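Right, one structure below, let's go through it.
Readers should treat all values here as calculations from the given coordinates under stated rules, not as data from a laboratory. In this text, all values refer to a predicted model and were calculated from it rather than measured experimentally. Cβ atoms come from the backbone with ideal geometry, glycine included; neighbour counts cover every protein chain shown.
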2 protein chains.
Amino acid sequence: MVALSNAREALEQIKKVRQIRQYRPDPVPEEVVTELLEVARWSGSSRNTQPWHFIVVDDREILRRISRLRPPINWVAGAPLGIAIVLDGESETSEAYDEGRVAERLLSAAKLLGLGGGVAWYGDASQQAEAKRILGIPPGRTARSIVAIGYARTARDPRPGPARGGRKPLAELVSVNRYGERRS
Amino acid sequence: MVALSNAREALEQIKKVRQIRQYRPDPVPEEVVTELLEVARWSGSSRNTQPWHFIVVDDREILRRISRLRPPINWVAGAPLGIAIVLDGESETSEAYDEGRVAERLLSAAKLLGLGGGVAWYGDASQQAEAKRILGIPPGRTARSIVAIGYARTARDPRPGPARGGRKPLAELVSVNRYGERRS
């Protein structure tokens, strides 16, 4: 296999992926939506089960209703598009992992294409049930989150008491061969 | 935000990410390991908790012991490197999702750099406990998987009865605005 010619530039962009909660009103072009879905479609999953279904939501009224599920996701109302992830089974750990894999692809691909994205969690079981009603998702499926997509206005978190940005240093995050051990 | 100049080329590579189980013996260069960890470090997580720790495993004996946890992951013995993901808490859905996010980044970044990767699950609770012993992971942490990394020999699955490759078509995977509805 050959490395991408400007792999480092692509990886710099991927490292700059942030949770975007404020979007410009511009719609997401149809070909961008298709490309994001293609990248998502090719995600790996446990035993290649591909346990997902995607609902592309560009109806602003539906996004507004989702945004009202709980105050911390009220910013979803300002996104031009969302891709709701629906999982085939009842909530399993392996499906949550696969959901994270596919969401990460959507966010990275959006960034590479010059857009931004943000994950919004519906909330507890009753809020998830309400989200399923809004999106017409049948029983027996799991729906926990929607990935908002659009052109970022800013990466700033407009909510009161936002989480701290930045990341822990590698020295704090990495061991070698056994937990807590460093390269000798 | 500006799109990456050759975003489409990068996305083509990301779409070609496959689970790699057969590696060339060549070691993974130190600067590649660092770049993979940097990409992982910058992953997003629930409330930016960064609930992870990474164990870079290049001790072949440790990889061999991991590979013996259960037959479907015996291929791990042939990988030159693994990055074991350790989660801060007891197994929670949001941490499984974040684990999937960070694993996907490792796999995509490896691909862009000309390498391949594969996720290996330790197995059930007792196999996870054994993996934790092998890797010296303290109690109260969750460890479910290691991402093998190396130069791919082939993307073929050498195991008996491999899962089918390929992916479902978009027409089967995508609804618009409500589950089961198409663009009118």
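Details
- Taking the Cα centre of region A:17-155 as reference, the dipole from Cβ charges on Lys and Arg (+1) and Asp and Glu (-1) amounts to some 500 debye.
- Farthest positive-ward along region A:17-155 dipole, Cα basis, beta-carbon charges - from A:Leu36, A:Leu115, A:Ala103: A:Leu115
- Cα shape, the protein assembly as shown, gyration tensor, a/c 1.5 rule: prolate
- Using only side-chain charges placed at the Cβ, +1 for Lys and Arg and -1 for Asp and Glu, the dipole size of the protein assembly as shown relative to its Cα centre rounds to 20 debye.
- Over the protein assembly as shown, dividing the summed -39,500 (n - 2.57) contributions of all DSSP H runs of at least 4 residues by the number of residues returns a 222 nm mean residue ellipticity of -10500 deg cm²/dmol.
- Charge sum, other residues only, whose C-beta stays under 11 Å from B:Gly100's C-beta, Lys/Arg counted +1 and Asp/Glu -1: -3
- Farthest positive-ward along region A:119-184 dipole, Cα basis, beta-carbon charges - from A:Ser145, A:Leu135, A:Ala125: A:Ser145
- Using alpha-carbon coordinates, inclination of helix A:125-135 to the longest axis of chain A, degrees: 70
- With both residues required to sit in region A:17-155, DSSP beta bridges show an antiparallel share near 95%.
- Karplus-derived 3J(HN,Hα), 6.51/-1.76/1.60, for each residue of region A:47-62, Hz, glycine and proline x: 6, 6, 6, 6, x, 10, 9, 10, 10, 7, 10, 10, 7, 5, 5, 5
- Summing +1 for each Lys or Arg and -1 for each Asp or Glu among the other residues whose beta-carbon sits under 11 angstrom from that of B:Arg65 gives +1.
- Three-way shape call for region B:129-184 based on the alpha-carbon gyration tensor, with the a/c threshold at 1.5: oblate
- Count Lys and Arg as plus one, Asp and Glu as minus one, and take only other residues whose Cβ is under 12 Å from that of B:Glu30; the net charge is then -2.
- Here region B:1-67 and region A:81-139 have alpha carbon centers that stand 23 Å from each other.
- Exposed trypsin sites (Lys or Arg not before Pro) absent - longest run of chain B, DSSP non-H/G/I/E/B, at most 12 other C-beta within 10 Å: B:17-163
- Computed from backbone phi with θ = phi - 60° and the Karplus coefficients 6.51, -1.76 and 1.60, the 3J(HN,Hα) list for region A:104-118 is 4, 5, 4, 5, 5, 5, 4, 4, 4, 8, x, 10, x, x, x Hz; x is used for glycine and proline.
- Near B:Arg153, the amide H atoms lying under 5 Å from its own belong to B:Gln22, B:Tyr23, B:Arg24; only residues 5 or more places off or on other chains count, and H is placed 1.01 Å from N.
- Close Lys pairs in chain A (alpha-carbon distance under 21 Å; sequence gap of 8 or more, or different chains): 4.
- In degrees, nearest ten, helix A:30-41 long axis to first principal axis of chain A (Cα): 60
- Shape call, region B:19-153: gyration tensor on alpha carbons, a/c limit 1.5: oblate
- For region A:21-123, applying the loop criterion from DSSP together with a ceiling of 15 other beta carbons within 10 Å to the GluC sites (Glu not before Pro) yields A:Glu90.
- Under a model in which nothing but the beta-carbon of Lys, Arg (+1) and Asp, Glu (-1) is charged, region A:71-120 shows a dipole of about 420 debye around its Cα centre.
- Over chain A, relative contact order from alpha-carbon pairs under 8 Å, at least 6 apart, %: 30
- Applying the Karplus relation 6.51 cos²θ - 1.76 cosθ + 1.60 with θ = phi - 60° to region A:83-90 yields 3J(HN,Hα) values of 10, 7, 9, 10, 9, 5, x, 6 Hz, where x marks Gly and Pro.
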